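This report concerns only the one structure given below.
Read-outs throughout are calculated quantities, based only on the coordinates presented, and are distinct from any laboratory measurement. Just so we're clear, the structure is a prediction, and the values are computed from it rather than from any experiment. Neighbour counts are summed over all protein chains in view; Cβ atoms, including those assigned to glycine, are modelled from backbone coordinates with ideal geometry.
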Amino acid sequence: MKTTISTCPTCLEKIPARLFEREGRVYLSKTCASHGETEALVADDASLHWNAGPEGSKGCCSLNHSCTLIFEITERCNLTCPTCFTASSPEQSWMMPLAELEAKLDRLIAAGKGAADMIQLSGGEPTVHPELVDMVELAFAKGIRKVYVNTNGIRLARDVELVRRLAAVDGGRDRLQFYLQLDGFEERTHQLIRGAKGLSPVKRQAIHNLGEHGLFALPVMTVTRGVNLEEIGAVVRMVVEHHPRMNTVILQPAFYAGRYDNDRSAQRLTLSEVAREVARQTNGMFSPEDFGPIPCSHPSCFALAVGLVRDGKVIPVSRYFPKFSTWKDPAVAPTIERFTDRMPQHMLEALAEDNLLDELLDLLSQGDDTASWADYRSFVLVGIKPFMDAHTYDQDRVDRCCVHVVDRSGAPVSLCEYNTLRRPRGLL
Ligand code: SF4
Ligand code: SF4
């Protein structure tokens with residue numbers, strides 16, 4: 001299908017690699033001079049794999065653009081998850097000082113990165129940082145439009161005063177949202193993925209506390225075979241049930257980096273299998289074909305299905321979006337360009353604000369009162385995010401990456417590149 005540059009999973013040397021299809025599945029194969037040949041599954045269904053070579057490494061995420069800038073504000077965490085790619089734990093103590101965040105933000109904004117417009121505060125567990133509230137306030141004061149906090153939710157469940165303070169900074173403007181780690185509801189799931197007991201009620205309490213204070217939670221599910229694959233449907237249904245206070249769920253097939261660099265990589269889940277499982281476990285709320293890439297980052301890097309929710313029912317609308325194979329068609333290209341301009345920053349608002357929703361509804365031929373739908377909260381989104389590791393590393397994807405972690409020197413680096421090659425190894 002193409003050649004690219006990948007990494008040897010043993011020595012991390014960059015080496016040539018070949019992406020190819022065999023019996024309807026897509027693999028990445030490479031040979032290290034010292035460690036021999038390795039092969040990794042990239043998609044278990046080639047019809048749900050969207051590919052691009054180096055010539056596709058342009059577009060909205062070319063030079064100096066980041067859709068998301070991630071600041072890892074602490075190494076400390078109140079969990080020690082076996083799956084943690086940052087290898088965080090209560091043993092770690094490093095916290096980013098507020099002044100360091102300010103200096104990094106100033107430098108990035110001066111370098112034109114302010115257009116990212118959206119940052120994530122991550123870790124470790126950012127809610128254990130004593131200056132989290134000040135950091136959110138600082139980001140808004142610097143003109144950042146949206147701040148996401150990537151959290152396991154434990155502190156949000158137990159410390160209502162912290163939730164109240166965060167809500168006060170947001171001021172009811174939906175500018176502060178929470179990517180909430182939520183791997184399912186079974187006790188066994190949390191024990192195996194997070195190494196902790198009794199987390200399910202804690203997650204529910206965190207959702208409750210956020211909702212009570214008018215704050216958005218966006219569940220993020222790490223999915224692994226033999227553990228919580230069968231819980232995908234329950235998590236997606238929970239999001240629909242909580243709509244509109246919850247309207248996005250991100251499904252992340254586990255990847256094998258940091259503390260989770262282990263032999264289970266041979267059983268990895270891929271984007272295509274997760275898309276099929278969403279369809280199967282939600283009784284067709286979405287079909288696998290409702291998932292497609294977005295015109296941002298590399299097409300293999302994210303797949304999205306969008307539904308409109310009305311009276312508790314989901315109407316899958318992304319099946320009406322132009323298919324990836326047509327994006328270069330002159331009749332379709334202008335629409336894709338408009339998505340490209342607007343979607344990376346605030347996908348849902350862009351849909352609602354830019355007449356795209358009207359076009360979509362025309363397509364749907366509802367002949368309905370569209371005005372009441374013209375709000376981004378009318379939608380529910382199911383995203384599948386297949387991060388890469390040393391087995392699946394594809395330089396074409398990294399070159400077009402728009403999810404950048406701000407490294408210790410303040411430079412934005414592709415998150416997959418950082419995790420695979422550049423994260424300080426001392427902790428691992
Ligand atoms: S995965 Fe998240 S919650 Fe778990 S140890 Fe790492 S930082 Fe903490
Ligand atoms: S972080 Fe990884 S998966 Fe996400 S856009 Fe960048 S290269 Fe792709």
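Here are some notes:
- Counting 0.36 nm for each residue step from LYS328 to GLU212 and taking away their Cα separation leaves a gain of 37.2 nm.
- Farthest positive-ward along the chain dipole, Cα basis, beta-carbon charges - from VAL274, SER200, ILE315: SER200
- Computed per residue of the chain from DSSP H runs no shorter than four, each worth -39500 (n - 2.57), the mean residue ellipticity at 222 nm is -7500 deg cm²/dmol.
- Cβ-derived FRET efficiency at R0 25 Å, ASN262 paired with PHE20, nearest 0.05: 0.45
- Principal semi-axes of the equivalent ellipsoid, √(5λ) from the alpha carbon gyration tensor of the chain, are 29, 28, 23 Å from largest down.
- For THR189, neighbours were defined as the other residues whose beta-carbon sits under 10 Å from its Cβ, and their charges (Lys and Arg +1, Asp and Glu -1) total -3.
- Chymotrypsin sites (Phe, Trp or Tyr not before Pro) restricted to DSSP loop in the stretch 70-111 with at most 16 other C-beta within 10 Å: TRP94
- Neighbours of ASP134 by Cβ distance under 12 Å: Lys/Arg scored +1, Asp/Glu scored -1, total -2.
- Low-density loop cleavage sites - trypsin sites (Lys or Arg not before Pro) in the stretch 192-296, where at most 11 other Cβ are within 10 Å (DSSP): LYS197
- Cβ-based exposure ranking for SER89, SER409, in which fewest neighbours within 10 Å come first: SER409, SER89
- For GluC sites (Glu not before Pro), the sites in the stretch 168-231 that DSSP calls loop and that have at most 15 other Cβ atoms within 10 Å are GLU186.
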